[in-house]
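A.B. asks: Please read through the structure below; I'll follow up with questions.
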Amino acid sequence: MLLNESNPRMTIPQTNSLNELKFDNRFVEQLPADPDLTNGRRQVMGSAFSRVLPTKVKAPALVHYAREVAELIGLDPDQCATQEFADVFGGNTVLSGMDPFAMCYGGHQFGNWAGQLGDGRAINLGEVKTENGEHWTLQLKGAGPTPYSRTADGLAVLRSSVREFLCSEAMFHLGVPTTRALSLVTTGDQVMRDMFYDGNPGCEPGAVVCRVAPSFTRFGNFQIFAARGDVENLQRLVDFTIVNDFPHLGDPSPEVYANWFEEVCKRTCDMILHWMRVGFVHGVMNTDNMSILGLTIDYGPYGWLEGYDPGWTPNTTDASGKRYRFGNQPLVAHWNLYQLGNAIMPLINETEPLQRGLDLYLDRIESGGNEMIANKLGLDRYTEEDESLKKDLFEILTLTETDMTIWYRKLADVSIEDDVSDEDLIKPLLEAYYEPAELIGETKSRLLGWLHSYRVRVRAAGIADADRRAAMNQTNPKYVLRNYLAQLAIDKAEKGDGSLVVELLELLRRPYDEQPEHHQYFALRPEWARHRAGCSMLSCSS
Ligand code: AMP
Ligand code: MG
């Protein structure tokens, strides 16, 4: 069993109470504020944010919290069980030192410029400054309307909040760059939602998640200033971001802007490679949902590949064009980076330095993708001769419905050292097939053909089975937040029982460990979940 760096028992608990948290609100102190303090929907010009308070809720109650995130911000995890904590992170109490605000941003939605969007239901409480000088922004999602709420209510329902809470933490423990989640609090209020946009709205329990990240700045924060020709504020925001979040790049200058863009391209690339490694589909990769830090942000209608299918998207809103399907994520990120490059162009005035970042992205996504596949297969490295092995792999995974997570995990158990029969060679993989009866004829012979090539490749590299298994089990997770698992946790939570949220978070803290006591979660998606809402299809309505 591997030591997991995030193992909570290995971190040193902090002892600060809520009132002892120190805030250093750089964003509001250093960037232009909207002078209008009222909370009406409007276009906000020349400002990076608007001050706005969370809306009070009826009866805030904690469902669960992530103790590692409490420790990250220097908060004693025992504080999380108090009513005061639920009051703060449900939106009813603002601590001294907090200075709540909503950010102004725009974005390209499904390929089209959508103008001003902004934090329509996210309210940043402030930036905690820890003893070692780190800054962590605390942000409530679903804490009521802001000037950016447009026609919506600023609220979030329990269903989507459970999904955001669990997935943020699951991604972190998988090693994927992501915003974190401190807490999940129900509000005691009911929220009206038309889940399928079919004219059948219903009431659902409201909830608030507290997200935590060094910064929540998105590509769209820069785009809105550029779209409005506000180069002065564009530059202020870029300089602010470089000084605070990319200090290693040095003092802002046109050359540093280009280096910064290159680093954003790199970080975005690495995030996408992780998504492709673990089978995550974001679902709404609009430019307003792209973090400047290369963190996975805004868990909405995301999903996890069960049957491997590059054409799959969980988002019903994207069902026709499938712009944000699994296999398209690398290209969409490149398109989004191109939009960011366009936005910061007025600060550089040359295309060549920006092109450098975009080209670097394309090179890195290709070489990094090859390296990632080599890791998933337990190979020492990727060489040109592996091209056909890779190409065939992607084909055999689509011949009949094949569970991505189980297949890669079980590939580690395929015997390579010994000359086993074809039946024994294939045996460990059988659990990954949704229709084992389809594993006959051409489908079976192509799988066997691939396994024989794989065996030749691994033997030539002289990799022992035990070493290969150990390496593969660090890159191919055993447990991911399968769509139906999140839905089961939601079903219980909606009845007032948060126990499965607790259990799944515990499971997903160690996604690469065997955890035999949780073996039931290493299983194919059950048949009932194939077409059930929330398990196979989701809408943006949350
Ligand atoms: P999304 O597609 O969830 O990233 O949201 C796109 C935009 O719509 C962002 O500006 C969100 O803040 C806003 N938005 C989404 N849901 C709501 C809501 N319930 N109330 C207010 N604004 C929302
Ligand atoms: Mg969003």
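A.B. asks: Could you tell me which residue of region 120-136 is nearest to LYS22 (Cα to Cα), considering only residues that are within 16 Å of ligand 1 (Cβ to nearest atom) and either in contact with a Lys or Arg (Cβ under 9 Å, 6 or more places away or on another chain) or open to solvent by 10 Å² or more (accessible area, probe 1.4 Å) (or both)?
C.D. replies: Residue satisfying both the conditions and the ranking: ILE123.
A.B. asks: Mind checking which residues of region 194-226 are within 15 Å of ligand 1 (Cβ to nearest atom), open to solvent by 30 Å² or more (accessible area, probe 1.4 Å) and under 26 Å from the mean Cα position of the chain (by Cα)?
C.D. replies: ASP194, MET195, TYR197, PRO205
A.B. asks: Among the residues in region 141-154, are any in a helix (DSSP H, G or I), aliphatic (A, V, I, L, M) and surrounded by fewer than 24 Cβ atoms within 10 Å (Cβ to Cβ)? Don't jump to the end; show me each part of the working.
C.D. replies: Pass one, region 141-154, residues in a helix (DSSP H, G or I): none.
Scanning region 141-154, I find no residue that is in a helix (DSSP H, G or I), aliphatic (A, V, I, L, M) and surrounded by fewer than 24 Cβ atoms within 10 Å (Cβ to Cβ), so the answer is no.
A.B. asks: Now for a separate question. Only residues in region 271-289 that are at positive phi count as the first member; pair them with residues that are away from ligand 1 (no atom under 16 Å from the Cβ) and modelled with pLDDT of 95 or more, Cβ under 8 angstrom, at least 6 apart or cross-chain, and list the lot.
C.D. replies: GLY279/TRP304; GLY279/LEU305; GLY279/TYR308; GLY279/PHE326; GLY279/MET404; GLY279/THR405; GLY279/VAL480
A.B. asks: Let me ask another. Which number in (1) out of contact with any helix residue (DSSP H, G or I) (no Cβ under 9 Å at 6 or more places or on another chain); (2) open to solvent by 10 Å² or more (accessible area, probe 1.4 Å); (3) in contact (Cβ under 8 Å) with a residue 24 or more places away in the chain marks the one condition that GLN109 misses?
C.D. replies: The number of the failed condition is (1).
A.B. asks: Is there a residue being assigned to a strand (DSSP E or B), open to solvent by 40 Å² or more (accessible area, probe 1.4 Å) and modelled with pLDDT of 95 or more anywhere in region 64-86? Quick ask: steps written out before the conclusion?
C.D. replies: If we filter region 64-86 for residues that are assigned to a strand (DSSP E or B), which is where we start, we get 64-65, 75.
Then drop every residue that is not open to solvent by 40 Å² or more (accessible area, probe 1.4 Å), which leaves 65.
Then keep just the ones that are modelled with pLDDT of 95 or more; that gives 65.
Among the residues of region 64-86, at least one is assigned to a strand (DSSP E or B), open to solvent by 40 Å² or more (accessible area, probe 1.4 Å) and modelled with pLDDT of 95 or more, which makes the answer yes.
A.B. asks: Taking the condition in contact with a Ser or Thr (Cβ under 8 Å, 6 or more places away or on another chain), open to solvent by 50 Å² or more (accessible area, probe 1.4 Å) and modelled with pLDDT of 95 or more, does LEU53 pass?
C.D. replies: Working: in contact with a Ser or Thr (Cβ under 8 Å, 6 or more places away or on another chain): no; open to solvent by 50 Å² or more (accessible area, probe 1.4 Å): yes; modelled with pLDDT of 95 or more: yes.
No: the conditions fail for LEU53.
A.B. asks: Kindly check whether there is at least one residue in region 113-131 that is more than 30 Å from ASN342 (Cα to Cα) and assigned to a loop (DSSP other than H, G, I, E, B).
C.D. replies: yes
A.B. asks: Kindly evaluate MET271 against the criterion of being crowded, with 21+ Cβ neighbours inside 10 Å, within 16 Å of ligand 1 (Cβ to nearest atom) and either farther than 30 Å from ILE344 by Cα or not aromatic (Phe, Trp, Tyr) (or both). Step through it out loud before you land on a result.
C.D. replies: Numbers: crowded, with 21+ Cβ neighbours inside 10 Å: yes; within 16 Å of ligand 1 (Cβ to nearest atom): no; either farther than 30 Å from ILE344 by Cα or not aromatic (Phe, Trp, Tyr) (or both): yes.
Spelling it out, it is not the case that MET271 is crowded, with 21+ Cβ neighbours inside 10 Å, within 16 Å of ligand 1 (Cβ to nearest atom) and either farther than 30 Å from ILE344 by Cα or not aromatic (Phe, Trp, Tyr) (or both).
The values are calculated or read from the model by the stated rules, or taken from the named source; none is laboratory data. The structure presented is a predicted model; accordingly, all values stated were derived computationally and were not measured. Cβ atoms come from the backbone with ideal geometry, glycine included; neighbour counts cover every protein chain shown. For accessibility, only protein heavy atoms count, side chains too; no ligands or nucleic acids. Shrake-Rupley method; radii C 1.70, N 1.55, O 1.52, S 1.80 Å.
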